[in-house]
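Report on the following structure.
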Amino acid sequence: MKSKRLSNFELMRIVSMFLIVIWHVIMHGKMFANTSSDMIKFILNLIQYIIIIHVNSFVLLSGYFQSKSKFRIGKFLDLMVQVLFYITLILIVGNFIGLPIYCINFVRLYNYYLSCIDGYWFINCYLIVYIFSDYINKFINSLNYKEYKKFLIIGFVIFSIVPFLCGGKILNNIGYNFYSFIYLYILGAFLRIYPINECKKLKNISNICYFLILICIFFSCPLIRYFILFLVSNFKNINFINDLYIKISYSSLSYFSPLVIVQSLYYFEFFRNLKFKSKFVNFISRYVFGVYLLHENVYIRGFIYKFLKIDVFYGTSFRHVLYCFVCAIMIFLFCIFVDIFRKAIFDFFKKRKQMFVKVLTVKKM
């Protein structure tokens with residue numbers, strides 16, 4: 001009898017996607033512009049510092065599992081079909097709800113699909129890494145522990161520390177590119193091959209103590225970022241310090257800043273060590289990819305924020321923050337329901353295809 005898979009990483013997928021929705025509500029919903037309260041801005045900024053690990057966690061997860069698998073053209077095509085389904089769905093529905101999508105000829109239709117695909121920057125980077133995954137895995141398997149660790153340290157310095165201190169002027173790396181994804185993929189594979197909790201210093205501590213360490217490190221990272229910015233801001237009258245403040249401020253909300261990488265690592269490690277099974281969690285996790293494809297489409301997201309009146313909701317009290325979470329929950333649940341519908345359609349045609357193949361096979365016999 002086949003055992004039911006663990007739900008730890010499935011839960012991480014759900015949590016991370018919900019954090020992505022919150023991030024987009026804050027950023028695209030103009031929540032900073034719609035409040036004059038410094039305290040509310042501080043809280044929103046702190047929320048961003050805490051949830052910024054969402055994208056990195058998905059790439060770490062990809063490296064953790066795909067590093068022991070092979071590239072499959074079927075999986076690649078399934079992802080592309082799902083992407084094209086939502087682009088087409090938004091095109092059809094968008095014309096009914098009054099979105100400015102007018103694809104009356106081939107050129108406009110082509111440009112529409114092109115702009116939608118280009119807008120899914122995460123999917124583009126992910127698919128590039130997935131296409132090259134077999135070659136990346138060969139590189140990973142060729143390294144011993146010392147070589148692997150040395151490679152990760154060098155990569156961390158070049159791709160994270162240097163851009164952070166230079167304000168992105170060297171390499172301009174804030175995490176929106178495929179080489180950042182490749183590094184995180186390799187880091188995720190390292191966590192599978194050499195688990196952190198199995199090192200000599202941590203091997204003998206209890207699970208509760210280990211979870212407390214992970215939680216403390218995770219929440220320390222955003223606080224340290226704030227402390228660094230606060231410390232440097234007090235010496236802005238010195239030209240060199242002011243220049244450093246501008247560079248660090250620019251990089252503080254980068255997916256690839258040093259503390260975000262560390263924070264992402266311990267966030268991932270927290271879920272990796274959870275051991276539980278849940279049919280409900282496993283069920284919901286199947287549809288989180290659809291949440292991203294639907295709510296982050298370049299043509300639909302503006303409509304969503306206008307429909308929920310996020311972009312005009314002005315507030316100076318904690319209600320402003322609460323409204324952000326309420327809207328994120330509404331968007332997340334709606335997208336889940338839509339993707340359940342999408343999956344039902346796909347399953348229907350898949351069954352019809354299987355039945356058709358069986359009929360053809362019987363006739364040939």
Cα-projected label distance for Leu322 with Phe303, points at 7 Å along beta-carbon direction, nm:
3.1 nm
Taking 0.36 nm per intervening residue step and subtracting the Cα-Cα distance, what contour gain separates Ile161 from Asn124 on full extension?
10.8 nm
Can you give the accessible area per residue of segment 1-159, in Å², using a 1.4 Å probe?
52 Å²
Taking loop as defined by DSSP and a crowding limit of 13 other beta carbons within 10 Å, which chymotrypsin sites (Phe, Trp or Tyr not before Pro) in segment 66-137 fit?
Tyr102
In nm, give the distance between the simple-model label positions of Ile205 and Phe106, each being 7 Å from the Cα along the Cα-to-Cβ direction.
6.3 nm
What nm distance separates the two modelled labels at Glu147 and Ile217, each placed 7 Å from Cα along Cα→Cβ?
2.6 nm
What FRET efficiency comes out for the pair Tyr226/Asp347, r = Cβ-Cβ distance, R0 = 45 Å, nearest 0.05?
0.45
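The values are calculated or read from the model by the stated rules, or taken from the named source; none is laboratory data. Here the structure is a predicted model, which is why all the values come from computation and not from measurement. Cβ: placed from backbone, ideal geometry, glycine included. Neighbour counts: every protein chain shown. Only protein heavy atoms, including side chains, enter the accessible area calculation; ligands, DNA and RNA are left aside. Shrake-Rupley method; radii C 1.70, N 1.55, O 1.52, S 1.80 Å.
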